[in-house]
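Down below is the structure, laid out as structure tokens.
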Amino acid sequence: MSDHAPPKPYVWRNPLSVWGTASGNNEAPSTRVPDPRDTWQKNTAFKVATYPVGRLKYFLIWPHHGNRTWDRTRWWPTRRNLLHVKGLYNRKTAIPEKKILDRRPIYWVLSLILLAMGPLLFPQTQMNALLTAGATFGIFAAINVCWTLIIGTASIFSLATYAVVGTAAFVTSLLSIRLGLPWYALPPIGACIGLAFGVLIAAPALRLDGFYYALLTLGLNELFRVFFTTSKQFGAASGGLYGADSFISQNWLPLTQSMVAYYASLCLLIAALFLFRFVNGKRLGRILRMAPEKHEAFAAACGVDFKQARITIFLLTSVALGFIGGFYAAQYRGVAYSIFDFQTVLLGLAMITIGGIGRAEGAVLGTLVVIFLRDVLLELGPWRYLIIGSAMLGVVLFLNNGYFGIRRQFNAWRAKKQGEWRSTRTEKGGETLPEEATESNDKDALYFRRFDKVQRDYLKGLITSEAIEEHRRQPLGQHSEGLERILLYFRRAKLEDKYALHRAGPQGPYKIIAFSGVRGVSPRLVDDREFGTLDEAYHAVFMRRVHDLLES
């Protein structure tokens, strides 16, 4: 005989029977239910180990404007704001604040101020060389900003950029020498030449695309190089055409001439940046962002006339490139044949590729890197071009959109790795991870998820064979305490993916469906099985919910 007496059967007592308000049985045999406080104390006593998850994204935030009217300064003549500022309410400090979401205008202003202060920071021993390189940088950066409008925004792979600049420079230099035109007339005449050149090569852009148009424009660049180098009128014997009028007087000191050339090129760069801003940021740029490469058919189906927008941008940039060609002739009193060289075209491609195609800041950064290597680090000799080629090759192999695309590429890679790391630690319906908690402003949702997890952990202990058998015998009606707790949890589930029964006929059969939770979206069929009676269908739904609970 055993010394242990058999356990007494557990009897559930209706707590309302004390006041005489209970309906149904006052007592009923049931299964023993664990105390919910044990599960709660077990979860609250456990301290989750926390780990550093990286720094939060830094934003410039300052106090709100209070009761005053919020005056938003805009770019004239557009309606775009100078800064992308968003008003928000800080739930921690209970104070309204303003947050700058796009800090690029601030970086642009600081960079231009640094360039303007460059002559004050240059060492005296290299002042003249750095000023000369800075003047070259300003002109080439302006050319590349316009070029990135053509390749990036308009998606026209044209290699005739330096052909437009060189043709405008040669023609305006010849007119200044032969007709005595003053220097201030050369840039407008160059703009007219650029417009004519743009009309000439814009028509093939409607018929040719990609590689074939690039070959055509590269052939035009070589054609104009041969024409000007073999023409006696354009200085075939002297290596270039010089003698045009200039805004830089030859009577000035060499340092003064370099200083004026530097600041004039900087002003030209600022003008090119404004052109990029008003073309890429307004209607033309938005139209072409709706019609990226390989998605033109979809844009055309939406009524977007992307071809006209591309040709318009191409003509505008051709006018700007012609203006730069006239400015080039006015600053250097002429132009050399090297502007048509294939080496110049390749260096220009390296400039916009290193920084990032389609971005003004990328064109400026790439130009700065290439000009610094080519014109300042002269002691490196031919290694300079090897370094430029290696930088360009590294960008093509490892970066998506130049050096200015590193941040977005890194954020995408970090988000991917973050998702993979979270997927190894997260669980279906589990608590919020520590790094996820910092991304949510609704802290009530965090507490609800934790409470829901604790409740599911407790209900998992109530899923027994006795409870399942009890529900099979009697899906509806009064149940034991444990089964009633499980059913109450199932009943208050969200409508999304909630199970229901679909009756095919007046007497059945029944199938299990799941609601979408979205108005206007039909429920989906969960299982092909059919159930002859309503009780069998109720129990099948119960078993599916039990399966989902145990998997969470």
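The values are calculated or read from the model by the stated rules, or taken from the named source; none is laboratory data. Predicted model, so just to flag it, every value in this text is computed and none were measured. Glycine gets a Cβ as well: all are built from the backbone with ideal geometry, and neighbour counts include every protein chain shown. Please note that ligands, DNA and RNA were not included when accessible areas were found on the heavy atoms of the full protein model with its side chains. Shrake-Rupley method; radii C 1.70, N 1.55, O 1.52, S 1.80 Å.
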Starting from segment 440-453, take each residue that is closer than 28 Å to residue 486 by Cβ and list its partners that are in a helix (DSSP H, G or I) and open to solvent by less than 100 Å² (accessible area, probe 1.4 Å), counting only C-beta distances under 7 angstrom and pairs at least six apart or across chains.
446/437
Does residue 317 satisfy being in a helix (DSSP H, G or I), open to solvent by 20 Å² or more (accessible area, probe 1.4 Å), in contact (Cβ under 8 Å) with a residue 60 or more places away in the chain and among the hydroxyl-bearing types (Ser, Thr, Tyr)?
no
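Are any of the residues in segment 332-345 over 18 Å from the mean Cα position of the chain (by Cα), more than 30 Å from residue 310 (Cβ to Cβ) and open to solvent by 70 Å² or more (accessible area, probe 1.4 Å)?
Initial filter on segment 332-345 (over 18 Å from the mean Cα position of the chain (by Cα)): 332-345.
Those still in the list that are more than 30 Å from residue 310 (Cβ to Cβ) too: 332-334, 336-338.
Of the ones still in play, those that are also open to solvent by 70 Å² or more (accessible area, probe 1.4 Å) are 332.
Among the residues of segment 332-345, at least one is over 18 Å from the mean Cα position of the chain (by Cα), more than 30 Å from residue 310 (Cβ to Cβ) and open to solvent by 70 Å² or more (accessible area, probe 1.4 Å), which makes the answer yes.
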Of all residues in segment 512-522 being touching a Pro at 6+ places or on another chain (Cβ under 9 Å) and not polar (S, T, N, Q), which is least open to solvent (accessible area, probe 1.4 Å)?
514
If I filter segment 213-234 for residues that are among the acidic types (Asp, Glu) and under 31 Å from the mean Cα position of the chain (by Cα), do I get at least one hit?
no
Is segment 240-257 home to any residue that is open to solvent by 40 Å² or more (accessible area, probe 1.4 Å), at pLDDT 80 or above and either closer than 30 Å to residue 359 by Cβ or among the β-branched types (Val, Ile, Thr) (or both)?
yes
Of all residues being surrounded by 14 or more Cβ atoms within 10 Å (Cβ to Cβ) and not aliphatic (A, V, I, L, M) in segment 435-448, which is modelled with the lowest pLDDT? Just the residue, please.
435
If you take the residues in segment 258-284 that are more than 23 Å from residue 367 (Cα to Cα) and part of a helix (DSSP H, G or I), which one is least open to solvent (accessible area, probe 1.4 Å)?
284
Just checking, does segment 382-402 include any residue being open to solvent by 40 Å² or more (accessible area, probe 1.4 Å) and within 21 Å of residue 112 (Cβ to Cβ)?
no
Only residues in segment 103-118 that are hydroxyl-bearing (Ser, Thr, Tyr) count as the first member; pair them with residues that are open to solvent by 50 Å² or more (accessible area, probe 1.4 Å) and in a helix (DSSP H, G or I), Cβ under 8 angstrom, at least 6 apart or cross-chain, and list the lot.
none
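Take the conditions under 30 Å from residue 37 (Cβ atoms) and open to solvent by 80 Å² or more (accessible area, probe 1.4 Å) and apply them to residue 485. Does it pass?
Details: under 30 Å from residue 37 (Cβ atoms): yes; open to solvent by 80 Å² or more (accessible area, probe 1.4 Å): yes.
For residue 485, the condition - under 30 Å from residue 37 (Cβ atoms) and open to solvent by 80 Å² or more (accessible area, probe 1.4 Å) - is met.
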Return a yes/no flag: does segment 171-186 have any residue that is more than 18 Å from residue 323 (Cα to Cα), of a type in the set (Gly, Ala, Ser) and buried (at least 19 other Cβ atoms within 10 Å of the Cβ).
no
Search result, residues across segment 491-508 that are crowded, with 16+ Cβ neighbours inside 10 Å and out of contact with any Leu (no Cβ under 8 Å at 6 or more places or on another chain):
498, 499
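Please verify whether segment 423-433 includes one or more residues that are open to solvent by 80 Å² or more (accessible area, probe 1.4 Å), charged (D, E, K, R) and either assigned to a helix (DSSP H, G or I) or at pLDDT 80 or above (or both).
So the first thing to find is which residues in segment 423-433 are open to solvent by 80 Å² or more (accessible area, probe 1.4 Å), and the list is 424-425, 427-428.
Checking which are charged (D, E, K, R) leaves us with 425, 427-428.
Cutting the leftovers down to either assigned to a helix (DSSP H, G or I) or at pLDDT 80 or above (or both) gives us 425.
Within segment 423-433, one or more residues are open to solvent by 80 Å² or more (accessible area, probe 1.4 Å), charged (D, E, K, R) and either assigned to a helix (DSSP H, G or I) or at pLDDT 80 or above (or both).
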Go through (1) more than 20 Å from residue 404 (Cβ to Cβ); (2) at pLDDT 85 or above and name the single condition residue 301 misses.
(2)
Looking at the structure I just gave you, is residue 247 over 27 Å from residue 159 (Cβ atoms), among the aromatic types (Phe, Trp, Tyr) and not in a helix (DSSP H, G or I)?
yes
Which of the residues belonging to segment 357-384 are in contact with a Leu (Cβ under 8 Å, 6 or more places away or on another chain), closer than 26 Å to residue 149 by Cα and of a type outside the set (D, E, K, R)?
360, 364, 370, 373
Is one or more of the residues making up segment 523-535 among the aromatic types (Phe, Trp, Tyr), open to solvent by less than 30 Å² (accessible area, probe 1.4 Å), at pLDDT 85 or above and within 28 Å of residue 11 (Cβ to Cβ)?
no
Being assigned to a helix (DSSP H, G or I), among the aliphatic types (A, V, I, L, M) and either without any contact (Cβ under 8 Å) to a residue 12 or more places away in the chain or touching a Lys or Arg at 6+ places or on another chain (Cβ under 8 Å) (or both) is the filter here, so list the residues in segment 357-388 that pass it.
360, 373, 378, 380, 386, 388
